[in-house]
Amino acid sequence: MSPLLSQILTIPQLITRELGGLIVSGQYNPNNPVPTEMDLSRHFGVSRSSIREAVKMLSAKGLIDSKRNQGIAILPRDNWNILDPDVLAWSQKYGSSRQLQIEFIQMRKAIEPEATYYAATQGQVDDVIAIDSAYCHLFKVVQEQQAEQFSAAVCEFHLAIIKASRNRFYCNMQPFLKTAITSLYDNELDSIPSNVKALTLYDKLVQAIKTHRADVAKNTMAELVELDCERIH
């Protein structure tokens, strides 16, 4: 299947996206509840089965609870599956940007230093090559002041380390980390000047991984995440 075709959404997926955005943005709330399946069917001009499928998807994401003859109830935010790519995207678009960044950093502090430790102890030759390549790309982007590529280059480096940890649970966090890192640097023209000093830490980190100095690698990653933390305070 081509990349273009793989991005085409079904009717239930389109409705899920629309309703999810309305819920996360607060337009649907206890005082303005989600309409019934019948009303949604009329509103969107689609079959009840399409609405039911969308409701199932929103339920799986933890946004709503739907029971026969009881309507559709919006669940508290603590129930939302924030690691779901859609919920994460909606939260980023409609939620408090600063609060989300703080929570991103807190999660990264818990994940990335430990994953880096295992990258230094369990990473294979191909993993180290990928990390080194990502670092060289990042270095080039910074040196050549390619601001439009900076976010992607930083993300590439961090994800290469996550993959090198050889831990399936950490690896499953890649979509979350990609969003967390990209959102911190996207559309910020001052990103490169303010992070040139971080290059020394990136270099130190790569060398620590290459020489299997796990504690040094772990602590250096913690310093890098702390630098990102300073950006939002």
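The values are calculated or read from the model by the stated rules, or taken from the named source; none is laboratory data. Small disclaimer: the values here were computed from a predicted structure and weren't measured. In this analysis, Cβ positions are derived from the backbone assuming ideal geometry, glycine residues included, and neighbour counts consider all displayed protein chains.
Between a residue in the stretch 90-113 that is more than 30 Å from Arg166 (Cα to Cα) and any residue that is surrounded by fewer than 19 Cβ atoms within 10 Å (Cβ to Cβ) and of a type in the set (A, V, I, L, M, F, W, C), which pairs come within a Cβ distance under 7 Å, given they are 6 or more apart or on different chains?
If the second residue must be surrounded by fewer than 19 Cβ atoms within 10 Å (Cβ to Cβ) and of a type in the set (A, V, I, L, M, F, W, C), the pairs left are Arg98/Ile232.
Would you confirm whether or not the stretch 151-163 contains a residue that is without any contact (Cβ under 8 Å) to a residue 12 or more places away in the chain and basic (Lys, Arg)?
Checking the stretch 151-163: not a single residue is without any contact (Cβ under 8 Å) to a residue 12 or more places away in the chain and basic (Lys, Arg).
Could you check, for the stretch 27-40, whether at least one of its residues is polar (S, T, N, Q), at pLDDT 95 or above and not assigned by TED's automatic domain parsing to the domain that holds Val225?
The answer is no; no qualifying residue exists.
Inside the stretch 38-78, can you point out the residues that are in contact (Cβ under 8 Å) with a residue 24 or more places away in the chain and assigned to a loop (DSSP other than H, G, I, E, B)?
Selection gives Val46, Lys61, Gly62, Leu63.
Please enumerate the residues belonging to the stretch 124-147 that are small (Gly, Ala, Ser) and at pLDDT 95 or above.
Ala130, Ser133, Ala134
Just one of the numbered conditions (1) among the small types (Gly, Ala, Ser); (2) buried (at least 18 other Cβ atoms within 10 Å of the Cβ); (3) closer than 27 Å to Tyr185 by Cβ is not true of Ser25; which one?
(2)
Quick grid of which residues meet (1) surrounded by fewer than 19 Cβ atoms within 10 Å (Cβ to Cβ); (2) at pLDDT 90 or above:
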{"site": "Gln149", "(1), (2)": "yes, no"}
{"site": "Ala164", "(1), (2)": "no, yes"}
{"site": "Thr179", "(1), (2)": "no, no"}
{"site": "Lys197", "(1), (2)": "yes, no"}
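Do any helices (runs of 4 or more DSSP H) entirely within the stretch 79-195 hold 3 or more residues that are among the polar types (S, T, N, Q), and if so, which?
Answer list for the stretch 79-195: 97-122, 174-185, 191-195.
When the residues of the stretch 74-95 are filtered to those that are within 14 Å of the chain's Cα centre (by Cα) and among the acidic types (Asp, Glu), which remaining residue is nearest to Ile23 (Cα to Cα)?
Ranking the qualifying residues of the stretch 74-95, first place goes to Asp86.
Which one is modelled with the lowest pLDDT, of the residues in the stretch 63-115 that are small (Gly, Ala, Ser) and buried (at least 18 other Cβ atoms within 10 Å of the Cβ)?
Ranking the qualifying residues of the stretch 63-115, first place goes to Ser91.
Among the numbered criteria (1) more than 24 Å from Ile181 (Cβ to Cβ); (2) surrounded by 13 or more Cβ atoms within 10 Å (Cβ to Cβ); (3) touching a helix residue (DSSP H, G or I) at 6+ places or on another chain (Cβ under 9 Å), which single criterion is violated by Ser59?
Just one mismatch for Ser59, condition (3).
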